[in-house]
1. Name the residues in the stretch 50-77 that are open to solvent by 70 Å² or more (accessible area, probe 1.4 Å) and at pLDDT below 85, would you?
2. Take the stretch 302-313 and flag every residue that is acidic (D, E) and open to solvent by 50 Å² or more (accessible area, probe 1.4 Å).
3. Would you please list the contacts, defined by Cβ atoms under 8 Å and residues six or more apart or on different chains, that run from a residue in the stretch 50-71 that is assigned to a helix (DSSP H, G or I) to a residue that is among the acidic types (D, E)?
4. Hey, any hits in the stretch 282-301 for a residue that's within 30 Å of A201 (Cα to Cα), free of Cβ contacts under 8 Å to residues at least 60 places away in the same chain, surrounded by 11 or more Cβ atoms within 10 Å (Cβ to Cβ) and in contact with an Asp or Glu (Cβ under 8 Å, 6 or more places away or on another chain)?
5. E265 - would you say it is outside any helix (DSSP H, G or I) and either out of contact with any helix residue (DSSP H, G or I) (no Cβ under 9 Å at 6 or more places or on another chain) or more than 16 Å from N149 (Cα to Cα) (or both)?
6. Scan the stretch 81-113 residue by residue and report those that are surrounded by 18 or more Cβ atoms within 10 Å (Cβ to Cβ), hydrophobic (A, V, I, L, M, F, W, C) and modelled with pLDDT of 85 or more.
7. Listed residues L116, L125; which is farther than 20 Å from G38 by Cα and either small (G, A, S) or at pLDDT 80 or above (or both)?
8. Suppose we filter the stretch 174-226 for residues that are touching a residue at least 60 places away in the same chain (Cβ under 8 Å), open to solvent by less than 20 Å² (accessible area, probe 1.4 Å) and within 30 Å of L299 (Cα to Cα); how many remain?
Amino acid sequence: MPSVPLRPERSRMSPMPDTIAQTEISLVDTPVTDAADGLVWAVSCMPGHRPVQLSAHEATLHLNDHPPARLDGEDAAPGAAADRGWVWLHYDVVHTASRARVEAIGCLPEEARATLGGTDRGTRLEADGELVYGALPGFDDSMSDDDTNVSAWRFAVLPDLLITTRRHPVPALGAAYRWLQRGDTPRTPAEIVDRTLLEFADTVRRNIAMLDDQLDRAEDLLLTLDQHTDFGRISGLIGKVRRRSTELRRVISPVDRIFHSEDLELPEWAEDDIRDRSQRQIHAALDDLLALQDRARSLQDELASGQAEETNRRLYTVSVVTTLMLPATFVTGFFGMNTGGMFLATGAMGTVEAGGVCFLFMVITWLLLKFAKLL
């Protein structure tokens, strides 16, 4: 049966440079409203050959003919996927009908089908015999410099079959698909999962680099601390970094914990790709994130110290002025008494003489403060 493109505009998904913009990446993974059963793309891959597009009908036939996954500790023979190739089916499960179609895939166990059609954003990774399935985080297509919207993409992978689902366009999946279209056909579909996780880790590290630049600006302002320093601006920069770094940590920490779980036993054919490489990249991104949070907390402490120093400086100035004016206040209060026999009450120079007495007391107070080393 000749291969039929899944949709006419698929030709726009030709290989593109690695430096493609984020918006262009998202164009790869967009819903196909006219595709049967929510199928976004279907490709047949053979190591050493370029991927071949499958029609929706061919994808359905492949699922119907695929034998059930071997479970209960039965693992696939090493190299089996490399001998017969594998197929990648990607579904949009935003609609109920699409989820029902995915949950009816006969070659997968019930729990794996439920995971593929799920709507929660929880992170999980399970292995059962030759089958690996789960839900992993990814940034959706609405992410901007001021936002980090996180969605979940789900997968079930066998030595010769990869099924992925999502509810929102996930640029990391689109990047993995484009990498596959360049002719870099991997030996097993587990490398697609690994590639998507690497894209996710790279996105996290790009966000970390952007946040680190904002901390650099805040640090520059703190190092040039003067009376014109805008503490509100510095606090805003540091607060934004701490908020977003906390959001990123909540996303990446569960993934790192999953890979370090002693209960996770991946099949031999997927161990190297999914656990070893992805685990190193995710853990490195988490380390960078923790270092960023430590730096943000240090700058927050330095900012608090600077604010306290500025407050103390202003209080010191007010205290000195108040102390210097205290004798003058006493003199004016004394001469303001309406009592008889007040000296300087008569004569043309009484006001000047009273002012001289105020100034004299202020000078004496200033000398006393200098002598006591309070100034």
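1. Listed by number, the residues that qualify are R70, D72, E74.
2. E302, E309, listed by residue number.
3. Short answer, once both residue conditions are applied: A56/D37; T60/D37.
4. There is at least one residue in the stretch 282-301 that is within 30 Å of A201 (Cα to Cα), free of Cβ contacts under 8 Å to residues at least 60 places away in the same chain, surrounded by 11 or more Cβ atoms within 10 Å (Cβ to Cβ) and in contact with an Asp or Glu (Cβ under 8 Å, 6 or more places away or on another chain).
5. Considered against the rule, which asks whether it is outside any helix (DSSP H, G or I) and either out of contact with any helix residue (DSSP H, G or I) (no Cβ under 9 Å at 6 or more places or on another chain) or more than 16 Å from N149 (Cα to Cα) (or both), E265 comes out as yes.
6. W86, V87, W88, L89, V93, V102, I105, C107, L108, A112
7. L125
8. 9
The values are calculated or read from the model by the stated rules, or taken from the named source; none is laboratory data. Please read all numbers here as calculations on a predicted model, not as lab measurements. With ideal geometry, Cβ positions are generated from the backbone for all residues, glycine too; neighbour counts draw on all protein chains shown. Note: accessible area is taken over every heavy atom of the protein model, side chains too, but ligands, DNA and RNA are not part of it. Shrake-Rupley method; radii C 1.70, N 1.55, O 1.52, S 1.80 Å.
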